[in-house]
Each structure stands twice: as C-alpha cells, then as structure tokens.
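Here's the structure we're looking at; comments come further down.
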Amino acid sequence: MKQAFYILLFSCFLFGSSPFIMGQTIDSVQYKKVYTNFTEALKEPTKVYRLNLSKMPIDSFPIDLSKFKNLQYLCLNNDQIEFIPREIEHLQNLKGLELVGENLKTLPTEFSDLKNLEEIYLNVNKKTDFTQNVNVLSTIPKLTILHLENGELVELPGNFSILTHLEKLYLNDNKLTDVPEQINGLNNLKYLDMQRNKIPPIKMSNYQNFGLRVKF
C-alpha cells in the first residue's frame, strides 16, 4: 500500500501539460511549479496552478482552498482527511484531483459544481460509502477518467453503470475475479485497466473482442 501511495503522490507532479488557461498564456515555469507549502501558496493564491498538500498535518480539508481560483491540479492524499467541505465548489478550474485517505467516507454533493474536473483518483476502503460516492461522481459533467486502484475491491456497486461519461477506468491492483458486469453500461468507455487482479486467464480471453481496450 505504501508503494501505491508514493506512486499516486508522484503523479501529482506529472498531471497535465497544457500552458493555457482561459485563453491566456501562462509562464511555463510558474504553471509547472508544484506548491507543497500551504503558507507559501497563500501568499499569491491566484498564481497557484498545482497544489500538493499530502504531507500537511491536517484532519480536515483546508477551507481556504477557495482562494485558489486558478488551481488546476490538487493532490490531497492524506489518511487524516475525513471529509471534504462544500468550499471545494469554488475550484472551478480544477481538472485533476487525487483524493486518497483511509478515513474518507463520502464526497460532498458540491462536486457537481466542478465543471472542469476530468480526472480523479479515489480510494475505496471499509469506511467509504461507495454507492453514494458513485452517485456524486455521476454529477461531474466532464469526468472521463476514474482511478480506483489499490482498493482491495471485490466488486463494484450496482449503480456504477450510471457513470456514463467515463472513457478510461483503472481498476488495477484490486481483488476482482472477473470484469464487472456494470462495465457493459459504460457506453463511452474506451480503456479498462484490470491488471493485477485475480482474474483467471481463461476469463481474460472472453474479452478480446469486448468492444474496448482491456488490459489484464
């Protein structure tokens, strides 16, 4: 699990490459800079595009994030996080979000206001209300990439097929014994990662002509 955590943490530094926001060219050095110190980031919040708060000693989401109007990528992998407050709705330019924590239970309904969120890393654990979180994720209009890796998943919730906007789904490093039947309802899905699960080779051959790229 620690190895997976650091892989996710490292990906925070790789999110995205576009130097444009709202039609304006941004200094590439500033755009690529990843802030890891919250106090430093608050000095000029409008110049912060990438923020990594994974090492921050907190037990709840910092409400002050609403000041980061231009934030595009946020990494918040922290086992102390228990909830995400409503103020996340102010991050209107957010495109990528890493949200991995052992104590996180539910996502706020305000996620539906994240009009530009395209990709999210989300862990699933015993405390997670997975069904409710799927309902929330379905309201994010541009969400096309979902990571549910390293979560010890043995199945997907029955309502998972409502995530019709998904184009890429990562279910690698779980405990699935077959491709979940809910996948059949994801009509826009183009890529499915099923690596390092418990799927027998004989079942893998059944999905060679599945209509999308499946990686075992």
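Readers should treat all values here as calculations from the given coordinates under stated rules, not as data from a laboratory. Here the structure is a predicted model, which means the values were calculated and not measured. Using ideal geometry, Cβ is built from the backbone for each residue, glycine included, and neighbour counts are taken over all protein chains shown.
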Convert each backbone phi in region 100-110 into a coupling constant with the Karplus relation 6.51 cos²θ - 1.76 cosθ + 1.60 (shift: θ = phi - 60°), then list the ³J(HN,Hα) values in order as whole Hz, x for Gly and Pro. 10, x, 5, 9, 6, 9, 9, 9, x, 5, 5
Sequence-distant aspartates and glutamates (8 or more away, or on other chains) whose Cα lies within less than 13 Å of K95: D113, E118, E119
Which FRET efficiency value, to the nearest 0.05, is calculated for D64 and K33 with the Förster distance at 22 angstrom and r the Cβ-Cβ distance? 0.70
Too long at a 31 Å Cα-Cα cut-off: which of K105/K168; K55/K115; K55/K203? K55/K203
Express in whole angstrom the spacing between the alpha-carbon centres of region 40-106 and region 170-216. 31 Å
Under a point spin-label approximation (7 Å from Cα along Cα-to-Cβ), what is the K198-K105 distance to one decimal in nm? 2.8 nm
Dipole-positive endmost among N93, L122, L146 within region 54-188 (Cβ charges, Cα centre): N93
Take every Cα pair under 8 Å in region 75-216 that's 6+ residues apart, average their separations, divide by the length, and report that relative contact order as a whole percent. 16 percent
Treat each spin label as a single point 7 Å out from the Cα along the C-beta direction, and report the T46 to E181 distance in nm. 5.4 nm
Cα→Cβ-extended label distance, 7 Å offset, between Q80 and R213, nm: 4.0 nm
